[in-house]
Amino acid sequence: MNSQSVLAGLFSRITVVLLFSVVGVLLSASFYTYLQDRKLQSVSLSALRMASWNLVRLGSEASALDRELSLLDRGVGEPAQVTLRYDVLWSRYDYLLTSKESAPTREHDNNAARLQDLFTRLQALEDPLTRRLAGDQTGWSDAMAAWHRQWQDAIQLVTDNFVGDETSRLMSSVEASRDRLAKLRILTLIALAVVFGYLALGMAFLRKQSKTDPVTGLPNSHYLHSLGGVDPRISIITCAIQKYTLVLSEYGQEGATSLTRAFARKLQRELSADDQLIQVSASEFVILLAPLAPEFVESSVYQLVSATRFDWRIGDSVWHASAVFGVAPPCTGKAGDWQIRYQQAHRALVQASEENQSYFIDGEALRRRILEERQIHAGLLNLFNEEPGALMLRLVYQPIVSAADVNLVTGAEVLLRCEHESLGFIPPNRVVELCERYGLGEQLGCWLFRRVAAETRQLYSGLRYTGNLSINLNPAMLSMKLIGNVERLLLEPGIPAAALCMEITEDNAALEFGNINDVIEALHGLGITFALDDFGTGHSSLEYVRELKVDRLKIDRCFVEGIELDANKAKFLASIVAMANQAFMKSVIEGVENELQWQQVQSFGDVLVQGYYAHKPMSFNDYLALLLDAGTRWPAPDSARGNAEVRV
Ligand code: G
Ligand code: MN
């Protein structure tokens with residue numbers, strides 16, 4: 001953590017700006033020096049060009065004039081040649097003093113003044129020369145002497161510009177400039193090397209940063225994806241914090257972050273130094289569990305499950321934190337791709353959380369179950385879309401009789417039977433639970449309503465039967481939409497409301513009592529009754545009995561078991577019936593399987609009985625045949641309501 005903050009300081013905005021400014025200054029300085037050097041070089045070059053051309057011309061032209069003047073002086077010269085040479089030299093001075101190209105020559109040292117002086121002296125020669133050419137000798141020897149001096153000065157000017165101090169000074173300043181430039185280049189190179197190193201360090205830092213979670217400092221998903229492989233003997237465990245989004249919505253980002261930290265700490269405490277904890281998202285971790293004998297994997301996972309089940313305090317409130325785990329155990333056979341094992345761990349986690357388990361370990365059985373579930377799901381979709389499919393659902397009816405008379409059939413409970421082409425019979429609870437999980441609960445309920453109406457309407461229209469139809473409601477049905485569904489799918493096709501009894505369980509009523517009672521009341525208004533199913537198997541049964549406005553209590557068969565052998569058990573069942581009576585609820589005793597139990601139940605008075613002793617669940621045709629049997633009695637049509645026998 002400390003080295004991280006040092007690194008963070010190293011890559012702060014100020015450091016970056018400072019470093020780049022230094023490099024910027026160095027670069028501009030060397031660019032400036034380069035320009036200076038160019039200028040210096042160009043100056044020296046033009047100076048040299050001047051010396052080697054214009055001044056060379058000046059020297060030779062002056063010498064040519066001197067030659068002609070000497071001949072003239074000896075009386076053999078040709079006047080035309082003298083005049084020509086004089087004019088040429090005259091033009092040369094004029095050119096050097098006025099032309100643009102000669103500017104560098106003039107600007108060098110005091111060339112301009114020296115040239116001007118020489119030009120004036122040449123002009124002064126014009127008069128004596130004109131006179132000499134006309135044959136007049138006066139003042140000629142003075143003029144020649146002046147010319148010799150002048151010629152000498154001209155040669156000196158040429159010489160001064162050729163070699164000597166001037167040129168070497170020029171050269172040494174070029175050298176010095178080159179030297180400065182070389183030093184600056186080295187400095188710039190060093191600075192660039194520093195920047196390069198800095199950038200390399202920065203990149204390494206960024207790479208490390210990108211593989212670390214900023215909240216927990218744990219390796220993150222980038223790290224996970226960068227893994228080339230995972231030893232097949234290592235167990236891959238995925239872990240998800242439960243209801244994380246709820247924490248986020250209740251306590252905000254800060255609260256959620258502190259929960260993530262708490263989880264990371266709990267997990268870390270459970271793991272050894274050889275295990276690896278990776279955080280793949282705010283609420284998900286991956287654990288690479290060091291090689292372990294397969295039989296110990298489950299206990300390790302169990303430890304992780306219990307370690308991550310804790311009361312997390314935030315502000316004044318307490319959150320019951322927990323996590324779900326999915327495990328890919330050590331690979332025993334041929335080592336496959338670790339990514340596939342990671343996926344399997346993930347699938348186990350999803351399955352565990354869907355089935356409300358705290359963990360699942362991937363294996364043949366789990367994979368088969370997931371596959372089966374997919375097949376059932378596909379079958380359900382076909383069924384609800386009225387397409388041909390591999391899953392068949394049908395209804396069976398289990399008659400409910402009066403304890404006073406086993407032949408008095410007061411109604412029947414509609415039960416679901418499921419069969420799959422390749423999977424065979426499937427427990428209806430599994431199908432119901434699967435429908436709930438896949439969001440098909442309401443569709444299943446509607447399918448069931450339609451089917452019940454199609455099969456049983458003839459009982460109520462043709463036979464004028466008044467017995468009950470008890471229908472199990474799955475949780476998704478239990479909403480205000482139920483009223484419309486019941487009206488449209490059951491009442492409109494011709495099932496009398498008074499015949500309908502909706503069974504709800506404690507599990508699916510584990511919502512707001514108020515909301516459920518609203519639904520119950522609305523259906524009560526139509527004349528439909530309700531039963532609390534599987535009474536006694538849940539956790540808060542009595543509260544449900546008190547709170548829910550149900551008409552019947554279906555006492556679970558676990559209370560019937562053994563009543564024929566144990567008087568206390570019988571008394572206990574009797575007291576439940578008494579309690580139901582007190583609450584104005586009719587009791588339906590489930591699971592009466594034999595004669596002795598039947599006799600016991602009969603002694604409880606006015607109760608209904610549903611069990612194998614009276615009837616097993618049967619097809620609709622068998623149920624119809626039973627009702628039509630001479631020995632069977634039904635509740636009388638005119639006494640359907642208020643009759644103690646059939647209180648619906
Ligand atoms: O929980 P609910 O009452 O909806 O479910 C009734 C289930 O109990 C049906 O699946 C039915 O087959 C079963 N069942 C009905 N009567 C008996 C019985 O006497 N003994 C046993 N073991 N099961 C029964
Ligand atoms: Mn039931």
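The values are calculated or read from the model by the stated rules, or taken from the named source; none is laboratory data. On a predicted model such as this, the values are computed, not experimentally measured, just so you know. All Cβ positions, even for glycine, are placed from backbone atoms using ideal geometry, and neighbour counts span all protein chains on display. The area values use the complete protein model at the heavy-atom level, side chains included, leaving out ligands, DNA and RNA. Shrake-Rupley method; radii C 1.70, N 1.55, O 1.52, S 1.80 Å.
Spin-label pair His148-Gln209: with each label point 7 Å from Cα along the Cα-Cβ axis, the two points sit 8.8 nm from one another. Sorting Val17, Val23 on solvent-accessible area from highest to lowest, probe radius 1.4 Å, gives Val17, Val23. Against the main long axis of the alpha-carbon atoms of the chain, helix 441-461 sits at an angle near 30°.
How about Lys243: which lysines have a C-alpha closer than 25 Å to its C-alpha, ignoring those fewer than 8 places off in the same chain? Excluding near neighbours in sequence, the set is Lys266. In the chain, a dipole from Cβ-located charges (positive for Lys and Arg, negative for Asp and Glu) runs towards its positive end, and of Ala580, His377, Ala262 it is Ala262 whose Cα lies farthest in that direction.
As I understand it, the dipole of the chain uses +1 on the Cβ of Lys and Arg and -1 on the Cβ of Asp and Glu, about the Cα centre. Which of Gly462, His524, Leu482 lies farthest toward its positive end? Final value for the positive-end residue is Leu482. Subtracting the Cα-Cα distance of Ser422 and Gln156 from 0.36 nm times their residue separation leaves 83.7 nm of extension gain. Extension gain, Phe11 to Arg269, is 89.6 nm, computed as 0.36 nm per intervening residue step minus the present C-alpha separation. Accessible surface of the chain, 1.4 Å probe: 55 percent of it comes from carbon and sulfur atoms. Specify the angular offset, from 0 to 90 degrees and rounded to the nearest 10, of the alpha carbon long axis of helix 364-384 from the longest principal axis of the alpha carbons in the chain. Computed tilt is about 80 degrees.
Solvent-free Debye calculation, one equal scatterer per alpha-carbon of the chain: log10 I(q)/I(0) at 0.07, 0.10 Å⁻¹ equals -0.71, -1.04. Under a 5 Å amide H cut-off, with hydrogens placed 1.01 Å from N, Thr410 pairs with Ile400, Val401, Ser402 among residues at least 5 apart or on other chains. Whole-Hz Karplus values for the stretch 340-346 come out as 5, 5, 4, 5, 5, 4, 5 Hz, taken residue by residue from phi with 6.51 cos²θ - 1.76 cosθ + 1.60 and θ = phi - 60°; glycine and proline positions read x. With r as the distance between the Cβ atoms of Phe584 and Arg488 and R0 = 35 Å, compute the FRET efficiency 1/(1 + (r/R0)^6) and round to 0.05. Given R0 = 35 Å and the Cβ-Cβ separation, E is 0.70.
Could you let me know the centre-to-centre spacing of the stretch 459-492 and the stretch 260-312, using Cα atoms, in angstrom? So the separation of the two Cα centres works out to 49 Å. Looking at the stretch 221-362, what % of the alpha carbon pairs are farther apart than 21 Å? For the stretch 221-362, the share of Cα pairs beyond 21 Å comes to 40 percent.
Think of it as helices only: each DSSP H run of n ≥ 4 in the chain is worth -39500 (n - 2.57), and spread over all residues that comes to -19000 deg cm²/dmol at 222 nm. Charged side chains reduced to their Cβ positions (Lys and Arg at +1, Asp and Glu at -1) give the stretch 45-163 a dipole of some 200 debye around its Cα centre. Here the calculated FRET efficiency for Phe296 and Leu248, from their Cβ-Cβ distance with R0 = 41 Å, stands at 0.70, rounded to the nearest 0.05. Computed extension length for Asn385-Arg367: 3.8 nm, one decimal, from 0.36 nm per residue of separation with the Cα-Cα distance subtracted. Accessible surface area normalised per residue over the chain is 52 Å², counting heavy atoms of protein chains with a 1.4 Å rolling probe. Electrostatic tally near Ser470: other residues with Cβ closer than 10 Å to its Cβ, Lys and Arg +1, Asp and Glu -1, net -1. Ignoring lysines fewer than eight residues from Lys481 along the same chain, the ones with Cα atoms less than 22 angstrom from its Cα are Lys549. Annotation: lysines with alpha-carbon distance below 27 angstrom to Lys569 (same-chain offsets under eight excluded): Lys554, Lys586, Lys616. Rounded to the nearest Hz, the phi-derived 3J(HN,Hα) couplings of the stretch 201-216 under the Karplus curve 6.51 cos²θ - 1.76 cosθ + 1.60 (θ = phi - 60°) are 4, x, 5, 4, 4, 4, 4, 5, 4, 5, 9, 10, 6, x, 7, 9, where x marks glycine and proline. Here, the stretch 45-163 has an Rg and a Dmax of 14.6, 48 Å when only alpha carbons are counted. Only Lys, Arg, Asp and Glu carry charge here, each on its Cβ (+1 for the first two, -1 for the last two); on that basis the chain has a dipole of about 1680 debye about its Cα centre. Near the amide H of Met618, within less than 5 Å, lie the amide hydrogens of Tyr397, Gln398, all on another chain or at least 5 residues away, with H placed in the peptide plane.
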